[in-house]
Amino acid sequence: MELKIATRRCEDPQGAQRLFHYYLTVDQVETPRFACENYGVRIAEEAGDEACCPALTTSAARIDQLMTLLVDNKVGPAGLADVVEDWL
């Protein structure tokens, strides 16, 4: 499952307008004793590339911090892996 969180428009260094859509991905993790949600993120550029980093954390607060970081800084698909690597 995924939920659209935000859309941001920005201008790249060449002056072209870019539109990024930010999604929260949610996977169900089940074990014999319990089930929990595992959160990730996906960024899709309007009519362009997309990148996804699923199953990053089971903490809702932690994924909220990452999503806020991505949206506020208008991170595009090309930068997602680097930001996630630093965030981890």
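The values are calculated or read from the model by the stated rules, or taken from the named source; none is laboratory data. Treat the numbers as computed from the prediction; the structure is a model and nothing was measured. We place every Cβ from the backbone using ideal geometry, glycine too, and count neighbours over all the protein chains shown.
Restricting the first member to the stretch 43-54 and to residues that are within 15 Å of VAL83 (Cα to Cα), and the second to residues that are outside any strand (DSSP E or B) and of a type in the set (Asp, Glu), the beta-carbon pairs closer than 9 Å and six or more apart or on different chains are ILE43/ASP49.
Restricting attention to the stretch 19-28, the residues being buried (at least 17 other Cβ atoms within 10 Å of the Cβ) and either among the basic types (Lys, Arg) or over 15 Å from MET1 (Cα atoms) (or both) number 1. Run down ILE43, ILE63 and say which single residue is touching a Gly at 6+ places or on another chain (Cβ under 8 Å), modelled with pLDDT of 95 or more, assigned to a helix (DSSP H, G or I) and not basic (Lys, Arg). Matching residue, one of ILE43, ILE63: ILE63.
Evaluated against (1) over 10 Å from the mean Cα position of the chain (by Cα); (2) modelled with pLDDT of 95 or more; (3) assigned to a strand (DSSP E or B), ILE5 falls short on exactly one condition, (1). Among the residues of the stretch 66-84, not a single one is crowded, with 16+ Cβ neighbours inside 10 Å and assigned to a strand (DSSP E or B). Among the residues of the stretch 29-65, those that are surrounded by fewer than 17 Cβ atoms within 10 Å (Cβ to Cβ), of a type outside the set (D, E, K, R) and closer than 30 Å to GLN17 by Cβ comprise ALA47, GLY48, CYS52, PRO54, GLN65. Being more than 19 Å from the chain's Cα centre (by Cα) and part of a strand (DSSP E or B) is the filter here; which residues of the stretch 8-28 pass it? Residues satisfying the conditions are GLU11, GLN17.
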